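The values are calculated or read from the model by the stated rules, or taken from the named source; none is laboratory data. These numbers were taken from a predicted model, which means no experiment stands behind them. Note that each Cβ is placed from the backbone with ideal geometry, even for glycine, and that neighbours are counted across all protein chains shown.
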Amino acid sequence: MTGTEPDPDAALKEYLLGGLTPGQREEIDERLLSEPEFHDEVRATGDDLIHAYLSDELARPDRERFESYFLASPRRQERVAFMRSLLAARDAVKAGRASTVARPAPSRPSRPSRLTAALPWAAALVVGLAGAGWSVGERRMRERDAAAAKANEAALRETVDSQAQELGELLRRLGEGIGSGEIATWPLRAGIERGSSRADSFAVTRQWIHLRVPLEGVPPRPSYRASLQDVNGREIAAFEGLKATAGANGPVLDVIVQAQLLGPGAFVLAVQEVTGTHEELHAAPFEVR
């Protein structure tokens, strides 16, 4: 490595001690979310820091940052405590062996003390338990990382859905008569079961698709949630806070989606409660040819 090339280990050390610029920290955070193998590199660097700390090998500034920043995490505190116990067991085994070598030969056979005889077995037990504890810790850490990634994905999805909703509402307010060269209206039917052969079929001819869903038999609500799904029930797009409008035969829900989301195949536009459970009130199936 030349003097002009960055040292990745040094960068990870700075990251774990609270250093680096916001941009550099964000880059490492993104890699932790997208590269599972990168966790091993960060964990190895963290273990090196812990070992240096317990061995009193850290420079004073790094030691202060280690205690104020690195140890602010309860999970890291547990890891430090575990490594301290492991090192103590190792040192105890070494001390037992050293005393055995230094002891002069007895004039008559004698039994070793229970403590001296038990030390190697204690060390083996500590290592064995450590392996099990380490495995549990690894699993918990991966579960927490997965939960964080899922939360970030949900937040991103919420942002995308919100933008789609704002766009759909804007287009709805403009009216289907405006920009008719870009918007096609597909009237869906009420009272059709999922997978029904009575589902209408449409061809994509415009950039935007205006789906009109009759709400016959659907309980009145201040607002609704619409979920565009494929034939397997996988959600493709969601639209929050939709208001019903008056149609010729009753209330109608208007949803505008991008045509690029609708390839050939079967789809369902599900009308749902605006709650955490998203209880389904109506499902309007349709096909795209």
Margin query: Report every pair of residues separated by at least 6 positions or lying on different chains whose Cβ atoms are under 8 Å apart, first residue within region 77-104 and closer than 18 Å to Tyr53 by Cβ, second charged (D, E, K, R) and at pLDDT 70 or above.
Written below: Arg79/Asp47; Met83/Asp47
Note to self: Checking the structure you have, find out if any residue of region 23-34 is in contact with a His (Cβ under 7 Å, 6 or more places away or on another chain), assigned to a helix (DSSP H, G or I) and at pLDDT 85 or above.
What the structure shows: yes
Checklist line | Test: Arg65 is part of a helix (DSSP H, G or I) and surrounded by 13 or more Cβ atoms within 10 Å (Cβ to Cβ) | finding: yes
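Just for region 1-18: of the residues that are part of a loop (DSSP other than H, G, I, E, B) and modelled with pLDDT of 90 or more, which one is nearest to Asp48 (Cα to Cα)? Outline the logic, then answer.
Within region 1-18, the subset part of a loop (DSSP other than H, G, I, E, B) is 1-7, 17-18.
So of that shortlist, the ones also modelled with pLDDT of 90 or more come out as 17-18.
Working: Leu17: 12, Gly18: 16 Å.
Taking the candidates together, the pick is Leu17.
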Check: Only one of (1) surrounded by fewer than 13 Cβ atoms within 10 Å (Cβ to Cβ); (2) part of a strand (DSSP E or B); (3) among the polar types (S, T, N, Q) fails for Thr185. Which number is that?
Finding: (1)
Checklist line | Answer residue from region 223-259, given it is touching a residue at least 40 places away in the same chain (Cβ under 8 Å) and not in a strand (DSSP E or B) and is nearest to Thr277 (Cα to Cα) among those | finding: Ser223
Checklist line | Members of region 207-251 that are among the charged types (D, E, K, R), surrounded by 11 or more Cβ atoms within 10 Å (Cβ to Cβ) and at pLDDT 85 or above | finding: Arg212, Arg221, Arg225, Asp230, Glu235, Glu240, Lys243
